[in-house]
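Just so it is clear, none of the values below were taken in a lab; they were calculated from the coordinates. All values reported here derive from a predicted model rather than from experimental measurement. We place every Cβ from the backbone using ideal geometry, glycine too, and count neighbours over all the protein chains shown.
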């Protein structure tokens, strides 16, 4: 574009000389135009050299980059290898976990069976639970709140009462199931 502009000025100067403008002015203008053109050509030469250097740098970068990149086939092969390794490790881990779970379940089953056997033996040795109660006890008495560690016999001793009277008065079928804070009626002996 600037070459067209400079050539246009040059043609304008030649036309001016042909029309009778003093030649010294026209020569001076032409020299200035030529000097501008020489300067622009020099700048263009520098820019071309710079672009050639950049182009060469890009070419060498592309060739070294091509050496550092993997192909799609290589990536697919690597992914397939990783998948095989992961599946093998996963299968092995599942087997180990299942074996551990099996061992724990077996141990838990043994403990459960032992607890059930123990309960069954305890039930066989237990005395028959009283389900009928007598009204043959004193209707006069005191209230007593069960404390930690109390038993029917210890409460009877503390209050001078009979164990059977306390059981009948409070309709207690299982004397081993006293609860702390429970209120009992303690009949006074007759």
Practice task
Once you have a ≥ b ≥ c as the square roots of the Cα gyration tensor eigenvalues for region 20-124, tell me rounded if a/c is under 1.5, and otherwise prolate or oblate according to whether a/b is larger than b/c.
Solution key: prolate
Exercise for the section: Starting from the Cα coordinates of region 70-126, work out the convex hull volume and express it per residue in Å³. Expected result: 49 Å³
Problem - Label-point separation in nm, residue 133 to residue 114, each point 7 Å along Cα→Cβ - result: 4.0 nm
Completion exercise
Taking R0 as 41 Å and r as the Cβ-Cβ distance between residue 123 and residue 89, the FRET efficiency 1/(1 + (r/R0)^6), rounded to the nearest 0.05, comes to 0.20
Handout entry: For q = 0.21 Å⁻¹, Debye-computed log10 I/I(0) when each Cα of region 141-187 counts as one equal scatterer
Key = -0.59
Handout entry: Backbone N under 14 Å from the residue 183 label point (7 Å along Cα→Cβ), restricted to region 140-162
Key = 142-146
Practice task
Can you tell me the relative contact order of region 141-187? Whole percent, Cα pairs under 8 Å, sequence separation 6 or more.
Solution key: 60 percent
